[in-house]
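No lab work stands behind these numbers, since they all come straight from the coordinates. What you are looking at is a predicted structure, and each value in this text was computed from that prediction instead of being measured. Counting neighbours? That spans all protein chains shown, and the Cβs are built from the backbone with ideal geometry, glycine included.
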């Protein structure tokens, strides 16, 4: 079931984050829609026209739940899109899209540097299990992209900025090449998030957001979304992947992400500004071997990022230090304000080392192969984060 038309579509993103999907509770008149922890909903008296595998009627939570649908309205609005499907996780959303679009014999082109689950799906699962031709390429190199996207390619998947190296790919140029060859384009937008980048406006056909990250922003609920203006394919995804594979989001997680998303634009403004300041400080730090952040003028993707990222450059900084794996771990463990943990986009800053023994390390650009750290900037005072990083550097003699 496609979402309702957004009455706030012509308003700013902060207004849409507050109001889209929100309404009075019909039962009580409360100004907040409630959490409905129901598996089943009342069926109509006449069942002769009910399709039990469809999502056009609230009947069973795997077919859709009320909190999910209200969140879908908000996520579509944040992207200025016609439709959104919210599922149990970002990986669930990626799988749902790939599962629906691809069949045996299809060709998919995907980045050399990408989220681990995407690497696993294409490098190991879709090709071995389903006979999908999976082709890895450097998405930051348009010549390489042109060679990889041949006529008959079904899907081109982009991740920009990518995880974990933070390199930038040209969405508009890749979309043009893909469409000339009859391919669809999907973009994982998690690092940028919709306040900073809207891939549909740059020519993408589908966008994936890990709602677990910046949009929820509180590190307490998992969810993922597929966003598109292709309503026919979105209906297929609901039928094939949501209902009949079952990566449905729980009402509680949908309710929590809905609540977190209200402050998302405000949080991202703070995170963008803090990340820029911290990246500039890291760039001047002795024994920092590189800083990969699209907001830095010396960054290889800076000019492109200025064209396709609208409000800021995101909250993730990738950087290297002159240290081996064990010293990098000691650096991360010495931090007091920054939390040593996986994930990103939370209210607290998170840091995670990318070890030199990672099985994909040879796919990364050379400077990322030693002392590499991924850092997600949170809502703490940037000066406090910088002081914390400084004392951690000194604790390992850097």
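Distance from the Cα centroid of region 219-252 to that of region 308-333 is 31 Å (rounded to whole angstrom).
Annotation for region 86-109 versus region 171-195: alpha-carbon center distance of 15 Å. From the Cα gyration tensor of region 8-134, with a ≥ b ≥ c the square roots of its eigenvalues, which class applies: rounded if a/c is under 1.5, or else prolate if a/b is larger than b/c, or else oblate? In terms of gyration-tensor shape, oblate. Angle of helix 171-180 to the longest C-alpha principal axis of the chain, folded into 0 to 90 degrees and rounded to 10: 60°.
Anisotropy class assigned to region 204-271 is oblate, per the alpha carbon gyration tensor with a/c at or over the 1.5 cut-off and a/b no larger than b/c.
As a rough footprinting exposure proxy, the listed residues 3, 249, 373 were ranked by other beta carbons within 10 Å of their own, and the order from fewest upward is 373, 3, 249.
Projected label points at residue 342 and residue 124, each 7 Å from Cα along the beta carbon direction, are separated by 1.2 nanometres.
Where the centroid of each part is defined by its Cα atoms, how far is region 274-291 from region 1-67 in Å? About 45 Å separates the Cα centre of region 274-291 from the one of region 1-67. Per residue, the average separation of C-alpha pairs within less than 8 Å and at least 6 apart gives region 265-350 a relative contact order of 26 percent.
For residue 232 and residue 53, the difference between the fully extended length at 0.36 nm per residue and the C-alpha to C-alpha distance is 62.8 nm. Using only the alpha-carbon atoms, how far is helix 66-78 inclined from the longest principal axis of the chain? Give it as 0 to 90 degrees, nearest 10. Once rounded, the angle reads 50 degrees.
Mean sequence separation of contacting Cα pairs (under 8 Å, at least six apart), scaled by the length of the chain, corresponds to a relative contact order of 17 percent. Computed on region 264-395, the Cα convex hull volume stands at 105 Å³ per residue. Cα gyration tensor of region 304-373, axes a ≥ b ≥ c as square roots of the eigenvalues: rounded (a/c below 1.5), prolate (a/b > b/c) or oblate? It comes out oblate by the Cα gyration axes.
Taking the alpha carbon gyration tensor of the chain, what are the square roots of 5 times its eigenvalues, largest first, to the nearest whole Å?
Ellipsoid half-lengths, sorted descending, are 35, 26, 18 Å.
Compute the helix-to-body angle for 382-395: its Cα long axis versus the longest principal axis of the chain, expressed 0 to 90° and rounded to tens. With both axes taken from Cα atoms, the answer is about 50 degrees.
Taking R0 as 22 Å, what FRET efficiency do you get between residue 9 and residue 310 from their Cβ-Cβ distance, rounded to the nearest 0.05?
Details: r = 17 Å, r/R0 = 0.78.
Computed FRET efficiency for residue 9 and residue 310 comes out at 0.80.
Using the average count of surrounding beta-carbon atoms within 10 Å as a protection proxy, the listed peptides 37-49, 355-367, 286-298, 111-123 rank, highest first, as 111-123, 286-298, 355-367, 37-49.
Beta-bridge orientation, region 112-232: approximately 40 percent antiparallel, per DSSP, counting only bridges with both partners inside.
Peptide packing: for 209-222, 340-353, 156-169, 177-190, the average count of neighbouring Cβ atoms within 10 Å per residue gives the ranking 156-169, 209-222, 177-190, 340-353, highest mean first.
Rounded to the nearest 5, the antiparallel percentage of DSSP beta bridges internal to the chain is 60%.
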